[in-house]
Every structure is written in C-alpha cells, then in structure tokens.
1. Do we find that Asp528 is in contact with a Gly (Cβ under 8 Å, 6 or more places away or on another chain), modelled with pLDDT of 90 or more and within 30 Å of Tyr406 (Cα to Cα) in this structure?
2. What do you reckon, is Leu486 at pLDDT below 95 and either surrounded by fewer than 11 Cβ atoms within 10 Å (Cβ to Cβ) or closer than 30 Å to Ala310 by Cβ (or both)?
3. Only one of Lys176, Lys219 is basic (Lys, Arg) and buried (at least 16 other Cβ atoms within 10 Å of the Cβ); which?
4. Mind checking which pairs have a first residue in segment 240-257 that is at pLDDT 90 or above and a second that is acidic (Asp, Glu) and crowded, with 21+ Cβ neighbours inside 10 Å, Cβ under 7 Å, 6 or more apart or different chains?
5. Residues to consider are Ile52, Ile3, Ile42; find the one that is surrounded by 10 or more Cβ atoms within 10 Å (Cβ to Cβ), at pLDDT below 85 and of a type in the set (A, V, I, L, M).
6. Determine which single condition Phe161 fails, assuming it passes every other condition in (1) part of a helix (DSSP H, G or I); (2) in the same structural domain as Phe134 (by TED's automatic domain parsing); (3) at pLDDT 90 or above; (4) not acidic (Asp, Glu).
7. Somewhere in segment 317-327, is a residue modelled with pLDDT of 90 or more and either assigned by TED's automatic domain parsing to the domain that holds Phe275 or of a type in the set (S, T, N, Q) (or both)?
8. Read through the list (1) under 22 Å from the mean Cα position of the chain (by Cα); (2) in the same structural domain as Ala507 (by TED's automatic domain parsing); (3) farther than 29 Å from Glu253 by Cβ, then give the number of the only condition that Ser216 fails.
Amino acid sequence: MHISKWFSGAGLVILASIVLFSTLFTDWIFKGARVDLTEGQIYTLSDGSKNIVSELDKPLELYFFFSQSTTREALGLRNYAKQVRELLEEYVSASKGKIKLTVIDPEPFSEDEDRAAAFGLEAVPINNSDTVYFGLVAQYGELTEGATAEENERPTLQIPFFQAERQRFLEYDIAKMIHQVSQTKKPVIGLLSGLQVDGGFDMMTRQPTAPWFTFSQLKELFEVRPVAEDVQEIPVQDYNLLLVVHPKELSEETLFAIDQYVLRGGHAVFFVDPFAELDRMSENKASQDLNRLFNAWGVNVDMGKFIGDAQLALQVSGQNRQPVRHLGILQLTDQNLARDSISTSQLETLHMSSTGFISTLEGVTTKIEPLMTSSEHAMPIDAAKLVQMDDPLTLMQGFTPDGKVYSMGVRITGEVQSAFPEGVPISEGGDDTKQGSEAAEDIADDVAEEPVEAESVKAVTDNKQEYLQKSGQPINVVIVADTDVLTDRLWVQVQEMFGQQIASPFADNGNFFFNTVELLSGSSDLIDIRGQGRYFRPFTVVKEMRRAAEEEFQSVEQGLQQELQNIEQQLTALQNQQGENGEMITLTPEVENQLEEFRKKKLSIRKQLRDVQHQLNKDIEALDFKLKLINIALVPFILTLIVVVIALYRRRKRG
C-alpha cells in the first residue's frame, strides 16, 4: 500500500520536488568547492597567480570576447574558448570580488563587434565569410561618476587573439596581463655593458655607430639605467633586472656587488662571448672573472673557444665570393630550442655567431635548464682562429665532431652559496685586494696611528655582518654565451623612412631577447607560474599500438610492394613488345599464359597488401570495441547489479 501511494500522481510530484530542492541545496552548499581531476591541473591556479590577484588594490574588469555564433562548427576553437572562460572564472573566484568578468559574443554588425575592434582585438577569418573574435581586455581602476571620458580613462591591456600555439602558457599570459595592467611605472633595467650597445665611434672606419636595435627598443619598453663597470653596490630594490653584456674587466668589488644582488633575490641576464665581433679594437672575449660567479651557480663558460657546428652552419661569401658554410655562424631551429621555456617556446629560428658553450659542473645543487643547444655534429674550436681569418673554409681544418650536444644558453634556478665565502673584498691601493677579516685587521692596525680612520673599521665590520653567504631564496639567472645574437646583422634590417626606423626581422633573436627580459623583469610570482598541462590529451595507447603494428608489418609490406613493382614492370615489358619495324607483334600462347599468370599474381599481391593494412588496424579496432563495450554495456550492467543487490538486501531485511 505504501509503494502504491508513492507512485500516485501526488506522490510523483512530491518525489520530483524533493529531488529538485535537494539538488539546489547541494549546489548552494558546495558552490565554492572545486576539484580539478585533469592530469596537468589545467583548471587550478598556481600560487603565483593567486599572489598576483591578491595584490590588486583596485577593481579589475575583464572582457572576454568570443564569437559563439560564428564558431558552431569549429569544435576545437569552442573547446579552447571554454578552457579560457573556466580559467578566467578561477581568477574571479580567487580575487574575492576584485575581478569582474564579462563574457561578450560580438555578433557581426553589432555594437559589441565595434567595441571589440575599438579595443584592438583581432578578427580572424575561419571561412570565406565569417570572422572570429577570441580575445581578452583588462581595465584597471574605478570609474568616477560624473567624470568625463578622458578623466575616466583607465590603464588597458589586451590579448588580441588567443593563439593555439600559446595554449600551454595560457595561465602565464593571463597573469602577465593582470600584473602589467596594475603597474603604475615601467620596470627598471640595470645595464652593465662593455660594448657600445647605445652607439659610439668605430675607430677603424672613423664613423659613428648607431645604437643596437634591441637596446633602442628596450628603452621604449623599460626604464634603462646604466650601471658602471666599477660599481660597488647594486641595490635589489632599485632594479627589476640586471642585464650584463660582455664586461671586459671587473673588479673584485663589482663581482661581489653582482654576487650579493643575485643572492638577495635580484634577477640577472648575462650575455658573454669568446669572440665579440663588434669589439675589434680591444680584447674580444668577456672577462674570465665572471666564471667565479658562474661556478658558484653550477656552470662554467669557456671564454677561449666557440662552437663549430656542421649541421647548423650558415652559408656566407668566401674567397672569390663563392658561397661557403661558416662553422661559427649558426642557424638554430625549434629542434635546438627549449620547447618548455617561455623564452624560446615560440621561436622558429635563432642566429648566433662565434658562440661559446656552457658546461655544468659536477655536484651542482641548482637546476640547469638548457635554452639553446648545438646539434651532435659540433665541436669546440679555438677562438683565436677568428682573429685574422680570411677564408671560413680554414675552420674545417681539423674539424672532427665529437657527437656531444653543447649548451649555448641556460637558465639557472635554485639555492646557491656566495662566490665570496671569505667575505667582503676591500681594495688597498692598485690592484691588490684583501677580504673580510684580513682587511679589517689591517685597517684596525692603522687606526692606532691614525684615529681618524676609525669609521673605516666600523664600515668594514658592518659590511662583513651584512653580506649574505647564501641565497635567501632561489636565484633566477639566464646566461647566453654569445653577444652577436643581439647585433642587428644577425636578425634584423633597419631602414630610415620619413624620420622613423622601419625594422624587418629575418630571425627571432629579438623575440628571444625581449621574452627573456620581460620574463625575468616581472614579479617572482609571474616567473614561477608553470606552463599548463595539455588540454587535448593524445591517445597515447592507440599511438603506441599503431607504432608497434607498423614495425611488425612494415618489412612484410615493403617486400610485397617490391614484388608488386617487379610484376608490373614485367607485365609492361611483355605488353609493349615490338617488332623490328616498331610494330606491335602478336603474342604467342606461351606469352599470353605468362601474362595471365602475372595478372593473377598481381591481384594476389594486392590482396595480401590489403590484408596487411587490415592487420595494422585490427588491434586498434579491438581496443575501440572494448571501450564501447565498457561504456555502453559494462557500466550500466554494474549499476543495475548494484541496484538489484540493494533491493534484494532491503527485501530480505524486511522479511
């Protein structure tokens, strides 16, 4: 009787109401709960992103433009847009009300489309008539009621279009935009250079030289402050990044200043070269003293040799203007560039010249990440060969690749010890240098005769107490064993037109430089943001099965293909037999029978080839059948079985 009441009309309404209200109540209770079950945690924000959002002190509005109406058949694009939207919602959730997200579908010929265009978003065509908007706009700050449009103008940044190639760095790109739009001033770059990167005077040609294009652009994007080669202190709070380019002679005090800057959390990028081609009037190689710092960080740069690479060598004009391959001028491709680094992941070609190599020392505690490497057809060559070289072919003499892959640029992270374990270096007169307690004792002895120097003793003692013996946090340093990579001749043609510089890049050197500077000059939270996992996971089991099947049947297929080709050649030869006057001859019954046998054999071989092709897919089809069986039959069967067991248990309990 009780069961029949529940299945009456009123009972069904009551059951439906209970299910509805319980669902709504559960949704309300667990509204903020999120579980990310993806392999790469692609829907979970990194700690760096959460820190960046928590530091916002003003409201941030995000406008996500995606053309829903014109992408109904673009399934891949819609899936990517879904990932972007869900990640943006994670930022909104983490911001605790500071971020507001607005999703806009800019339909054709609508005001929303005009708004997307006004923000500078890209309209990308996907077929003959439709275009797609797929970008993000961030505006930072509050609007003031009653103020004019100019007064309410807010800092604005945009991602014009979410490129599929950048999908792995989606979280980084969004976090970078949020961080940059909330900054009120440009990052500060400290530039310590031994080369005339800002232009100078060429003593050989007696002509002024133009600034390097990379550094001209750098000054437009960042505030660049020069750092002297004899600097004795580099305050971390004064610079977002220290950029060191091929210094010649560095004092102990300057090396110590760089050491302490890095240990205190300062980020640094070094460009050093065993043979800087634009430094012809002086010592071409960088200061060997830098290896004192590099060794403390776990690497060593050979300042006396460059990498010759037969596989990556570019052609240049040799003697008599004949094209020859220059072992020292290299063209790196995506095969030689780190695919999982933000600095190099999107680069296609990188040109380098007379590039040194970076060796990892034994027992290092830091993480050494190669950014650019040679091929296996490389070996180190003495840089002295480049000094008065007339013919690049002379580099081939004695060139025997050793099969090793050499690192030409690395990123170093981790905890390190100071390169100055003895303490603060103190110069005394000329070039003699004493350190730490020894210097303090000498000055203290002098105080007995000259009391006025007492302050010097206190200064030395204070410095010794203040200096760091190890890093307070993981360091972040990039070292590139080449400076020519930054010069115009290897990557860009610059022309003057109507008073403006027009740049035509032919390599990605500039992109590498600015990617690296932008990455390391940002906040530590931004640098620590990982690349996301893959959103579209490949069928690795299927791929492995296909590879194994192809290996198993490849030799059989090749043999049959060769046999089929021989049969077809024999058939053609018999069918095209001609007499002495070039006329077709009548085939004898024996030849006719032979032709018929060849035709049958040809059909037989074709059938065997089809069988081999069918066998290739047999295991994959079997796996597909098993998956369908599990999804269609096994799972419902298990659920039904559970329900039946529960029903029987309850019935038995009642009885």
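1. Here the answer is no, as Asp528 does not meet what is asked.
2. Here the answer is no, as Leu486 does not meet what is asked.
3. Lys176
4. Every condition considered, the pairs that remain are His246/Asp273.
5. Selected residue: Ile42, the only one of Ile52, Ile3, Ile42 that is surrounded by 10 or more Cβ atoms within 10 Å (Cβ to Cβ), at pLDDT below 85 and of a type in the set (A, V, I, L, M).
6. Of (1) part of a helix (DSSP H, G or I); (2) in the same structural domain as Phe134 (by TED's automatic domain parsing); (3) at pLDDT 90 or above; (4) not acidic (Asp, Glu), only one is false for Phe161: (1).
7. yes
8. (1)
The values are calculated or read from the model by the stated rules, or taken from the named source; none is laboratory data. Nothing here was measured: the structure is a model prediction, and the numbers come from that model. No Cβ is skipped: glycine too gets one built from the backbone with ideal geometry, and neighbour counts run over all protein chains shown.
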